[in-house]
Amino acid sequence: MSKLMKFLLFTFIIVWVFEGIATYNGSLGGTLALCMLMPMLGALLVKANIKEMGWRLRFGKNWKYIFIAYFAPTVFQFIGAVFYFLVFPHDFNPDEAFQRFMSPAEYEEFVQNGSPFISVVVKDISDSLNPFFSFVPIIFALGEEIGWRGYMYPELKEGYGRTKGLLIGGVIHGAWHFPAMLLFGFEYGKDYIGAPLLGLVVFCFYTVAMGIVADYLYVKSGSIWLPAIFHAMINSEFSPRQVLGNSHPERSIFGPVDIGIISMLPMVAVAVFLLWYQHKHEQMEIEEYFS
């Protein structure tokens with residue numbers, strides 16, 4: 001059995017067992033945070049060369065990639081939410097959303113103060129970008145990225161070529177979430193259009209796109225911290241649900257969170273461009289070599 005297969009078996013079985021236990025206990029709770037560390041443990045189990053994954057951030061050299069890793073998820077989220085609300089304008093209902101998120105007393109005070117909904121959104125974005133709140137998410141995201149981008153993706157790209165490796169890796173990453181999605185309604189809920197299977201397919205499209213961008217940041221920077229930062233900012237980014245009415249929960253498969261069919265379009269577009277750009281650059285290098 002190959003090292004990669006051992007890694008996948010460990011990472012999947014242990015996480016799926018944890019989520020099965022969480023189902024029995026009736027709460028996902030802190031299980032998800034624990035699960036994020038399992039790809040790292042899987043990489044350690046197969047004795048992956050973790051020391052060579054790039055542990056220096058090298059801010060002077062990588063500042064632009066650090067900037068992209070830190071802010072791109074928020075940009076993707078914001079543009080994707082705009083796309084969603086352009087398609088479903090009646091779902092944009094901050095007043096209804098605030099009544100859902102706030103206690104009656106908080107909502108009454110909010111209305112009396114005459115606070116515009118934009119102030120809540122701006123505060124949420126500001127909090128999500130606060131470095132003080134980003135440290136813990138980055139550490140947990142690092143647990144995944146050591147396994148995915150640090151070990152699995154290089155193995156897949158070596159065995160199947162860059163493009164196929166990235167596509168296969170993204171599907172594997174997506175499938176790793178399936179028990180939580182099926183048992184708990186993680187990501188889309190349980191009542192969306194096409195449930196429960198459509199969500200599994202759509203989420204894999206998202207993880208493929210996310211993996212392509214994260215891998216690009218890793219390759220260009222040579223530092224495992226870059227995909228970890230990117231992953232962490234995705235997990236802790238602001239939520240457009242703060243302005244989403246609750247009349248059509250079945251539309252969660254479309255957005256407005258960036259895992260939806262419509263709202264993932266900005267990240268998918270960037271991922272497709274990166275695949276094209278890298279392929280074109282590779283072809284130019286081959287032509288120069290043989291010319």
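The values are calculated or read from the model by the stated rules, or taken from the named source; none is laboratory data. Worth saying up front: this structure is predicted, and the values here are computed from it rather than measured. Glycine gets a Cβ as well: all are built from the backbone with ideal geometry, and neighbour counts include every protein chain shown.
A few remarks follow.
- Unmet criterion (only one of (1) among the aromatic types (Phe, Trp, Tyr); (2) assigned to a helix (DSSP H, G or I); (3) at pLDDT 95 or above) for TRP55: (2)
- Only one of the numbered conditions (1) modelled with pLDDT under 95; (2) under 22 Å from the mean Cα position of the chain (by Cα); (3) aromatic (Phe, Trp, Tyr) is not met by TYR65, and that is (1).
- Within region 1-52, considering residues that are assigned to a loop (DSSP other than H, G, I, E, B) and of a type in the set (S, T, N, Q), the one nearest to the chain's Cα centre (by Cα): SER27
- Taking (1) within 24 Å of GLY169 (Cβ to Cβ); (2) surrounded by fewer than 18 Cβ atoms within 10 Å (Cβ to Cβ); (3) modelled with pLDDT of 95 or more in turn, PHE10 satisfies each apart from (2).
- Matching residues in region 65-77 - criterion: being closer than 26 Å to GLY255 by Cα and buried (at least 18 other Cβ atoms within 10 Å of the Cβ): ILE68, ALA69, TYR70, ALA72, PRO73, THR74, PHE76, GLN77
- With respect to being surrounded by fewer than 18 Cβ atoms within 10 Å (Cβ to Cβ) and either in a helix (DSSP H, G or I) or aromatic (Phe, Trp, Tyr) (or both), VAL201 fits the description.
- Some residue of region 150-169 being in contact with a His (Cβ under 8 Å, 6 or more places away or on another chain), without any contact (Cβ under 8 Å) to a residue 40 or more places away in the chain, part of a helix (DSSP H, G or I) and more than 16 Å from ILE68 (Cβ to Cβ): no
- Residue check, TYR107 in contact with a helix residue (DSSP H, G or I) (Cβ under 9 Å, 6 or more places away or on another chain), surrounded by 14 or more Cβ atoms within 10 Å (Cβ to Cβ) and within 28 Å of TYR206 (Cβ to Cβ): no
- From the options GLU144, GLU155, residue that is acidic (Asp, Glu), under 13 Å from PHE7 (Cα atoms), crowded, with 21+ Cβ neighbours inside 10 Å and at pLDDT 95 or above: GLU144
- For region 77-100, the criterion of being in a helix (DSSP H, G or I), modelled with pLDDT under 90 and hydrophobic (A, V, I, L, M, F, W, C) is satisfied by at least one residue.
- Tallying residues that are within 11 Å of ILE146 (Cα to Cα) and surrounded by 19 or more Cβ atoms within 10 Å (Cβ to Cβ) within region 30-64 yields 8.
- Verdict on GLU187 being in a loop (DSSP other than H, G, I, E, B) and within 27 Å of GLY26 (Cβ to Cβ): yes
Conditions tested, residue by residue: (1) closer than 23 Å to TRP148 by Cα; (2) modelled with pLDDT of 95 or more; (3) out of contact with any strand residue (DSSP E or B) (no Cβ under 8 Å at 6 or more places or on another chain).
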residue	(1), (2), (3)
ALA214	yes, yes, yes
ALA228	yes, yes, yes
PRO240	no, no, yes
ILE262	no, yes, yes
VAL268	yes, yes, yes
ILE286	no, no, yes
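- The one condition in (1) more than 22 Å from MET267 (Cα to Cα); (2) in contact (Cβ under 8 Å) with a residue 12 or more places away in the chain that ILE125 fails to fulfil: (1)
- Residue in region 253-271 that is nearest to HIS231 (Cα to Cα), counting only those that are in a helix (DSSP H, G or I) and touching a residue at least 24 places away in the same chain (Cβ under 8 Å): MET267
- Some residue of region 137-148 being touching a Ser or Thr at 6+ places or on another chain (Cβ under 8 Å) and either of a type in the set (Val, Ile, Thr) or within 16 Å of MET210 (Cβ to Cβ) (or both): yes
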